[in-house]
1. What length, rounded to one decimal in nm, is gained on full extension from Glu211 through to Lys81, with 0.36 nm per residue of separation minus their alpha-carbon distance?
2. Quote to one decimal, in nm, the extra length available between Ser140 and His62 on full extension: 0.36 nm per residue of separation minus the C-alpha distance between them.
3. Quick check: the distance between the Cα centres of the stretch 161-191 and the stretch 89-154, to the nearest angstrom?
4. Can you give the local net charge around Arg158? Use residues other than it whose beta-carbon is closer than 10 angstrom to its beta-carbon, Lys and Arg +1, Asp and Glu -1.
5. Can you tell me how much longer the chain between Leu185 and Ile155 gets when fully stretched, taken as 0.36 nm per residue apart minus their C-alpha distance, in nm with one decimal?
6. Can you tell me which aspartates and glutamates have their Cα less than 12 Å from the Cα of Lys81? Leave out same-chain residues fewer than eight positions away.
Amino acid sequence: MEWQHAASGSSREPGAVVFLAWYFAAMRFLLTLGLFVATVSGAQTLEHDVDSWTVLNVWGRHDRFRWYLEAQPRVSLTQKKFDRLLLRPAVGYQVSPNVSLWVGYGWTPSFIPSYRDEQRPWQQVLVEHKFGVVSLVNRSRVEERFIANTDGASIRVRHMVRSVIRFGAESPWGVALYDELFFNLNSVMGGPVAGFDQNRVFAGINLKVAEWQFELGYMNNFVERPAPAADRMNHNITAMIVFTVP
């Protein structure tokens, strides 16, 4: 999860930049809240599942170039089955102290109800700011999803707003919060349908020790599914370990 690696720019930002960053984050939150309430209230049935997500990341950089490797096994605790595996490498380029551009690839097979392969190239813009003890990240990503047994590429856009608030200027402890909204841009036969896809809201504790970061928290993940399947509310216990190569 690449937002863990903060930009190396100064923590002092012009007042207008600070205002706009928080303004758009607030508007994004209100939009997500409205969509979430409207979608859940309109859902006829809703399935609940308890999952465990483990995120393992390695980060590196050379001059303006950045890279990372990610492995993310997901287990359904409700069904007591292995649900999905994500293997996701990426490379990025730091175009300014706060903005980087990325391209990556994901192999993301699912195993419930049965094995289904998925190949997922993607591109993204990452905007990072730091205001004292508060870090703020906006991430916009486009994914081209090639899912087995569908008739073409499903194009999905997703936007995340994330913040880590440290307990003090020198404290390794902090609170991590984020929200991520997903939309499908097209429909594919046997696969995703155009429109709202899902939303993820996370709250947890973050610990930074030298080149390591550890995070543990709860994620509420609402997933809209085409009829006649019921929409799903996933309650995810999420643990993350990040190592940054010195």
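Only the coordinates and a few stated rules stand behind these numbers; no lab work does. From a predicted model like this one, the values you see are computed outputs, not experimental measurements. Don't worry about glycine lacking a Cβ; one is built from the backbone with ideal geometry, like all the others, and counts go over all protein chains shown.
1. 43.5 nm
2. Details: separation 78, 0.36 × 78 = 28.08 nm, distance 2.31 nm.
That works out to 25.8 nm of additional length.
3. 12 Å
4. Details: positive: Arg139, Arg141, Arg156, Arg200; negative: Glu143, Glu180, Asp197.
For residues surrounding Arg158, the net value is +1.
5. Details: separation 30, 0.36 × 30 = 10.80 nm, distance 0.55 nm.
Roughly 10.3 nm would be gained on extension.
6. Counting by Cα, and skipping residues close in sequence, Lys81 has these aspartates and glutamates nearby: Asp49, Asp51.
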